[in-house]
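The values are calculated or read from the model by the stated rules, or taken from the named source; none is laboratory data. Just so you know, these numbers come straight off a predicted model, no measurement behind them. We place every Cβ from the backbone using ideal geometry, glycine too, and count neighbours over all the protein chains shown.
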C-alpha cells in the first residue's frame with residue numbers, strides 16, 4: 001500500500017485584489033530565498049522507504065520572466081575550444097508547466113556547467129531585462145500525492161516560478177502528471193534514491209544545478225542581506241556522528257555539523273554547493289557508515305556552511321515545521337483528522353512552545369513568523385487540505 005505525506009504552506013496569501021495581492025507577495029518575497037528543496041521519499045512502504053518526505057511550499061514568486069538571447073552576436077570570435085558558449089552554458093529558461101526539464105547532460109557535465117553560472121543575474125549585461133523567479137525543487141520517489149493542492153497553489157502565477165522534480169526512474173513513466181498540471185514535463189534526469197544513503201545528497205546537488213542554469217532563478221529584494229534558511233548545528237549528536245577518518249581528508253570535527261534537509265537558500269550559496277569538490281567526496285564516501293550513524297544529506301550542507309565560514313549568511317534554522325516524538329527517526333505524520341485551522345495557527349507560531357529558533361537561529365528578517373511550511377501530511381489528507389486551503393492558506397476555491 002502506498003503511504004504519502006505533504007508539506008503545507010502555512011502563511012496565508014491574500015487574494016482580495018490583484019494589485020494588493022502582488023504588493024503583499026512582493027513584500028514577503030523580498031525577504032524570502034530562491035531555492036526550496038524538499039523530499040517526498042517513502043511513498044511506497046517497504047523496508048527501504050518506511051516514512052515519507054515531502055517538499056516544502058514556498059509562498060509566492062515575483063514578476064514575469066523574459067527569455068535569454070538565443071545566440072551570440074554576429075561576427076563574434078569563436079569561443080576557445082573546450083569552453084561552453086553562453087547558449088551552451090545555460091539551459092533555456094522555462095517555468096512550471098512551460099516546457100520540458102529533461103536534457104542529455106551527465107551529472108559531471110551538469111555540475112560543471114552549473115558551477116560556472118553567475119551568482120546573481122546581471123540584468124544590465126543582457127539584451128532584455130530578466131525578472132527574478134523562485135525555483136521549487138522536489139525530490140520524490142514517485143508521483144506527488146498532493147499534486148492537486150500544489151496545482152491550486154501555483155494557479156495564476158504563470159512565469160513567476162520554476163519547478164524541478166527529481167523522481168526515481170520509471171515511476172513518472174508509470175503515472176506522469178496530466179498535461180494541464182504545472183508539473184507536466186518538469187522531471188529532470190534522475191537516479192534512484194534511498195533514505196539515509198548518499199544518493200539523496202546527489203539528488204540535492206542535481207536539483208540545485210538544474211535550477212542554477214536558469215539565471216532568472218534568484219531571490220528578489222534586499223531583505224536580510226544574503227540570508228539563507230539553513231541549519232548548521234554543532235552539538236553532541238553531530239559530533240557523535242563524526243567519522244574520525246574525515247580528519248585525514250582535511251575535515252576536522254570542529255567543522256562537522258548537522259541540520260534539516262529542508263532548507264531555503266539564495267542563489268550564491270547554492271552555487272557553493274554545486275561547485276564543491278572538497279567536502280562532498282568525503283561525505284559521500286565516508287559519512288554513510290552504520291558505525292557512526294551519519295546521514296549524508298543531514299550533514300553535507302550544514303558542514304559545508306561551517307567549512308566555508310558562511311555562518312553569517314544563514315539564519316541557522318529551517319522555515320519548515322516538524323513535529324518530533326521521542327525515540328523516532330522521522331517526524332510525525334498528520335492524517336486528515338489532524339488537519340484543522342488550529343494546527344496551522346500553532347505551526348506558524350512555532351509549535352506548543354512558540355520557539356522559532358534552534359541553536360541560536362533567528363527570524364532571518366521574517367518578523368513575527370516562525371515557519372512558512374510544515375510536514376508531514378498523509379496523502380489521505382488531500383481532501384481536507386483542499387477544503388481548508390482558501391481560508392487557512394489563502395489559495396484555491398471554496399469547496
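Scanning segment 323-334 for residues that are modelled with pLDDT of 80 or more and surrounded by fewer than 17 Cβ atoms within 10 Å (Cβ to Cβ) returns a single hit, 332. Residues in segment 161-181 that are out of contact with any strand residue (DSSP E or B) (no Cβ under 6 Å at 6 or more places or on another chain) and buried (at least 23 other Cβ atoms within 10 Å of the Cβ): there are none.
Residues in segment 376-399 that are surrounded by fewer than 16 Cβ atoms within 10 Å (Cβ to Cβ) and not in a helix (DSSP H, G or I) were compared, and the one that is modelled with the lowest pLDDT is 399. Of the helices (runs of 4 or more DSSP H) lying entirely inside segment 191-304, those containing at least 3 residues that are farther than 15 Å from residue 137 by Cα and modelled with pLDDT of 85 or more are 267-275, 279-282.
Return the pairs, sorted by first residue and then second, in which the second residue is part of a loop (DSSP other than H, G, I, E, B) and at pLDDT 85 or above, the first residue lies in segment 129-145 and is at negative phi and surrounded by fewer than 22 Cβ atoms within 10 Å (Cβ to Cβ), the beta carbons are less than 7 Å apart, and the residues are 6+ apart or on different chains. Going by the 7 Å Cβ cut-off, the qualifying pairs are 130/215; 130/216; 131/216; 142/168. When residues in segment 305-322 are screened for being in a helix (DSSP H, G or I), in contact with a strand residue (DSSP E or B) (Cβ under 7 Å, 6 or more places away or on another chain) and surrounded by fewer than 24 Cβ atoms within 10 Å (Cβ to Cβ), 1 of them pass. Residue 337: farther than 29 Å from residue 217 by Cα, touching a helix residue (DSSP H, G or I) at 6+ places or on another chain (Cβ under 7 Å), surrounded by fewer than 16 Cβ atoms within 10 Å (Cβ to Cβ) and at pLDDT 80 or above, yes or no? No: the conditions fail for residue 337.
Scanning segment 340-370 for residues that are closer than 30 Å to residue 142 by Cα and modelled with pLDDT under 80 gives a single hit, 348.
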